[in-house]
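The structure appears right after this line, and notes come after that.
The values are calculated or read from the model by the stated rules, or taken from the named source; none is laboratory data. Here the structure is a predicted model, which means the values were calculated and not measured. Ideal geometry is used to build each Cβ from the backbone, glycine not excepted, and the neighbour counts take in all protein chains shown. Calculation scope for accessible area: heavy atoms of the full protein, side chains included, ligands and nucleic acids excluded. Shrake-Rupley method; radii C 1.70, N 1.55, O 1.52, S 1.80 Å.
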Amino acid sequence: DDGGDDVFIYMGGLIPDDLIDTITHVRIHESVKIITAGAFSECYNLVSIEIHDRVEVIEELAFYSCHSLRRINLSGVKVIDLLAFGECTALTDVFGDKFEYIGHNCFLRCASLRNINLLKVRVIEFSAFACCDQLTEAEFSEDLETVGKEALFYCPRLRRIAIPLKENLLDDDVFLLHPSCQSPK
């Protein structure tokens with residue numbers, strides 16, 4: 001043993017239950033283009049994931065509640081579905097330059113998330129970044145077509161946002177500041 005952590009090679013599908021608690025580092029196999037719904041859900045010890053730029057879709061709940069995941073580079077990803085990174089409380093950085101669609105509650109309660117830079121995103125759904133209470137900066141694409149209701153709900157530290165000025169771009173209550181972001185017990 002070289003003292004390093006083992007890397008789990010993800011070939012698709014769901015992670016076997018007996019591995020959920022032991023996986024810390026993941027590399028997505030070159031053949032994978034879609035990360036399956038719930039694939040890494042509740043892998044509490046997952047710290048890092050290496051995703052090649054041909055992965056285009058991250059399905060719902062794929063990384064839900066991965067409390068140790070800190071950063072993720074999603075360079076080829078176009079679609080991130082419902083709650084894909086919800087409750088990833090240690091996640092500080094999300095990179096990606098091909099995002100087109102960010103689903104409902106996608107980054108819900110990512111309490112450590114500080115910066116968002118999404119230069120291709122067209123659609124941001126309901127509560128996509130709700131309760132990201134450390135979020136300070138957000139930059140969105142000139143191609144942005146819609147920002148759903150409460151997309152940035154309770155982001156009290158948000159100080160800078162770059163967003164195109166377009167008619168009918170923002171739904172009602174995008175920036176609500178009601179402190180009701182407690183994690184379910």
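Looking at 151, 138, 128, can you tell me which residue is touching a Lys or Arg at 6+ places or on another chain (Cβ under 8 Å) and of a type outside the set (S, T, N, Q)? Show your work before the answer.
Details: 151 fails: touching a Lys or Arg at 6+ places or on another chain (Cβ under 8 Å); 128 fails: touching a Lys or Arg at 6+ places or on another chain (Cβ under 8 Å).
Criteria check complete, one pass: 138.
Condition test on residue 62, is it open to solvent by less than 70 Å² (accessible area, probe 1.4 Å), over 11 Å from the mean Cα position of the chain (by Cα) and modelled with pLDDT of 95 or more?
Details: open to solvent by less than 70 Å² (accessible area, probe 1.4 Å): yes; over 11 Å from the mean Cα position of the chain (by Cα): no; modelled with pLDDT of 95 or more: yes.
No: the conditions fail for residue 62.
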Residue 166: passes all of (1) open to solvent by less than 80 Å² (accessible area, probe 1.4 Å); (2) free of Cβ contacts under 8 Å to residues at least 60 places away in the same chain; (3) not hydrophobic (A, V, I, L, M, F, W, C) but (1)
Over segment 18-55, the set of residues assigned to a loop (DSSP other than H, G, I, E, B), under 16 Å from residue 74 (Cα atoms) and open to solvent by 80 Å² or more (accessible area, probe 1.4 Å) is 30, 33, 53, 54
Only one of 118, 113, 108 is open to solvent by 10 Å² or more (accessible area, probe 1.4 Å) and over 15 Å from residue 169 (Cα atoms), namely 108
For residue 81, the lone unmet condition from (1) in contact with a strand residue (DSSP E or B) (Cβ under 7 Å, 6 or more places away or on another chain); (2) open to solvent by less than 60 Å² (accessible area, probe 1.4 Å); (3) of a type in the set (Asp, Glu); (4) farther than 24 Å from residue 122 by Cβ is (4)
Just one listed residue, out of 79, 26, 32, 47, is closer than 21 Å to residue 117 by Cβ, in contact (Cβ under 8 Å) with a residue 12 or more places away in the chain and not acidic (Asp, Glu), and it is 79
Here, strands (runs of 3 or more DSSP E) confined to segment 65-182 with at least 2 residues that are farther than 26 Å from residue 34 by Cα, in contact with a helix residue (DSSP H, G or I) (Cβ under 8 Å, 6 or more places away or on another chain) and modelled with pLDDT under 90 are none
